[in-house]
Amino acid sequence: MSIPFIDLKTQYRRVAAEVERGIQSVLMSGAYINGPEVARLEERLAGYCGTRYAVGCASGTDALMMALMALGVGPGDAVFCPPFTFMATAEVVALLGATPVFVDVDPVTYNIDPVRLDLAVRAVRAGDPSLHPLPQHAGTLTPKAVIPVDLFGLLADYAALLPVAAAHGLFVIEDAAQAFGATQEFSGAKRRACSYGQIGCTSFFPAKPLGCYGDGGMCFTDDPDLLELLRSVRVHGQGADKYQNVRLGITGRLDTMQAAVLLAKAEIFDDEVRLRQDVARRYAELLGALPGLTLPVVPQGNVSVYAQYSIQAESTAHRQELLDRLTKASVPSSIYYPVPLHLQPAFANLGYQPGSMPASEAVAARIFSIPMHPYLTAEAQQEIAKALAG
Ligand SMILES: *Cc1c(COP(=O)(O)O)cnc(C)c1O
């Protein structure tokens with residue numbers, strides 16, 4: 001028996017009838033673009049996340065791009081983001097001519113460090129890289145926004161982050177591409193991913209916690225003005241009608257077909273989040289006693305959706321040893337992320353050097369991910385644990 005890294009086929013068997021009914025209905029309707037399923041999904045998921053509005057779009061990357069465009073981010077603006085994340089988080093910033101300013105992560109949660117965020121904003125304001133490592137020419141930038149990432153399914157520390165952002169007048173764009181469905185106790189109440197900040201963004205890429213069968217994404221907001229702006233930039237900056245263009249935009253629509261898929265999958269999503277907790281609990285029992293492994297830490301008050309189950313080895317060599325054992329036992333594994341963004345060739349022009357983001361660099365050198373999905377059986381997990389134990 002081979003263990004899949006993420007088992008989308010088992011999930012499909014569970015939702016097949018509903019998905020096929022939904023797709024059939026879109027096929028028959030002819031409303032392939034902006035069909036009623038899109039608005040239904042927006043309403044449903046806004047309700048789920050506890051925001052007033054949602055705007056479906058073509059991918060998680062487009063969701064981030066549309067958020068930045070709606071907030072008017074452009075050349076001369078500094079946008080703070082963690083370097084230990086997927087490329088898209090900082091890529092969209094640079095694509096719009098703004099400058100990503102990297103802020104190192106907390107070494108335990110892997111999410112952006114609120115104390116360092118404060119330092120980084122002060123450093124940009126003062127044009128002083130001795131306060132915090134900065135990209136080249138950062139002294140001319142205006143601090144504009146922060147993009148906290150909810151990495152591996154765990155929400156960033158919003159109780160600490162939001163006051164820092166507010167004190168510096170930064171917009172908050174939540175990158176919840178990996179955390180749809182995650183919750184955190186915030187001001188005494190449970191609040192879901194995508195509801196923090198002015199705009200929350202998620203992805204429905206098939207491997208994400210709530211995935212469709214292609215590309216898809218969504219923006220969430222409570223602000224009616226931002227809702228209008230997001231809808232406008234989604235379709236070429238349209239104004240009162242389709243052929244009035246009041247700003248630049250993109251082709252960022254969510255396909256009706258994918259909305260139908262997501263409506264079907266939304267029905268089982270809460271159950272899947274629960275199953276993910278069971279899988280994580282079993283991993284903790286099986287792997288907790290193995291020497292040299294640092295398992296995911298979920299701080300009090302949080303529910304992670306474990307987009308990845310990521311473990312730190314003691315060293316790069318120890319990681320290689322573990323990965324080789326997994327390969328020998330035919331257990332798939334992956335490294336998210338081997339190179340932090342400040343050291344990626346695409347961002348070489350920012351002039352960051354190795355050593356400037358020590359926590360991200362240390363994590364990137366030791367982290368690896370093992371199979372994680374709601375349908376992972378206890379037997380498969382025992383096999384994985386046996387392989388890791390060597
Ligand atoms: C997947 C992902 C994205 C981008 O989502 P796509 O739908 O693939 O464009 C952005 N940020 C993070 C953290 C992601 O994991």
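The values are calculated or read from the model by the stated rules, or taken from the named source; none is laboratory data. This structure is a prediction, so every number in the text was calculated from the model and none was measured. Cβ placement follows ideal geometry from the backbone for every residue including glycine, while neighbour counts extend to all protein chains displayed.
Need the failing condition index for residue 237 against (1) in contact (Cβ under 8 Å) with a residue 24 or more places away in the chain; (2) crowded, with 16+ Cβ neighbours inside 10 Å, just the number. With respect to (1) in contact (Cβ under 8 Å) with a residue 24 or more places away in the chain; (2) crowded, with 16+ Cβ neighbours inside 10 Å, residue 237 is out only on (1). Give the range 226-274 a look and list any residue that's of a type in the set (S, T, N, Q) and either more than 22 Å from residue 43 (Cα to Cα) or part of a helix (DSSP H, G or I) (or both), or say none. Of everything in the range 226-274, those that are of a type in the set (S, T, N, Q) and either more than 22 Å from residue 43 (Cα to Cα) or part of a helix (DSSP H, G or I) (or both) turn out to be 232, 244, 245, 256, 258. Condition first: within 16 Å of the ligand (Cβ to nearest atom), in contact (Cβ under 8 Å) with a residue 24 or more places away in the chain and buried (at least 24 other Cβ atoms within 10 Å of the Cβ). Can you find one or more residues in the range 164-172 that meet it? The answer is no, given that none of the residues of the range 164-172 is within 16 Å of the ligand (Cβ to nearest atom), in contact (Cβ under 8 Å) with a residue 24 or more places away in the chain and buried (at least 24 other Cβ atoms within 10 Å of the Cβ). Is it the case that the range 334-342 has a residue that's in contact (Cβ under 8 Å) with a residue 12 or more places away in the chain, of a type in the set (Phe, Trp, Tyr) and under 19 Å from residue 87 (Cα atoms)? Looking through the range 334-342, at least one residue is in contact (Cβ under 8 Å) with a residue 12 or more places away in the chain, of a type in the set (Phe, Trp, Tyr) and under 19 Å from residue 87 (Cα atoms).
Those strands (runs of 3 or more DSSP E) of the range 114-222 in which at least 3 residues are closer than 22 Å to residue 69 by Cβ and outside the structural domain of residue 274 (by TED's automatic domain parsing), considering only elements entirely within it, cover 142-146, 171-175, 199-203, 217-221.
Just to be sure before I move on: is residue 364 within 30 Å of residue 113 (Cα to Cα), in the same structural domain as residue 305 (by TED's automatic domain parsing), at pLDDT 95 or above and of a type outside the set (Lys, Arg) in the structure I sent? Taking the combined requirement at face value, the residue satisfies it. Of the residues examined, residue 249 is not one that is within 16 Å of the ligand (Cβ to nearest atom), in contact (Cβ under 8 Å) with a residue 24 or more places away in the chain and in the same structural domain as residue 141 (by TED's automatic domain parsing).
May I ask you to verify whether residue 326 is touching a strand residue (DSSP E or B) at 6+ places or on another chain (Cβ under 9 Å) and part of a helix (DSSP H, G or I)? Yes.
Say whether the condition of being surrounded by fewer than 21 Cβ atoms within 10 Å (Cβ to Cβ), of a type in the set (Gly, Ala, Ser) and on the phi > 0 side of the Ramachandran plot is met by at least one residue in the range 115-130. Checking the range 115-130: at least one residue is surrounded by fewer than 21 Cβ atoms within 10 Å (Cβ to Cβ), of a type in the set (Gly, Ala, Ser) and on the phi > 0 side of the Ramachandran plot.
Suppose we keep only residues that are touching a Gly at 6+ places or on another chain (Cβ under 9 Å), in contact (Cβ under 8 Å) with a residue 40 or more places away in the chain and closer than 19 Å to residue 140 by Cβ within the range 74-111. Which one would you say is nearest to the ligand (Cβ to nearest atom)? My answer is 98. Of all the criteria given as (1) touching a residue at least 40 places away in the same chain (Cβ under 8 Å); (2) surrounded by fewer than 16 Cβ atoms within 10 Å (Cβ to Cβ); (3) of a type in the set (A, V, I, L, M, F, W, C), the one not satisfied by residue 49 is (2). Applying the set (1) more than 10 Å from the ligand (Cβ to nearest atom); (2) of a type outside the set (Val, Ile, Thr); (3) in contact with a Pro (Cβ under 8 Å, 6 or more places away or on another chain); (4) farther than 18 Å from residue 82 by Cα to residue 130 leaves exactly one unmet item: (3).
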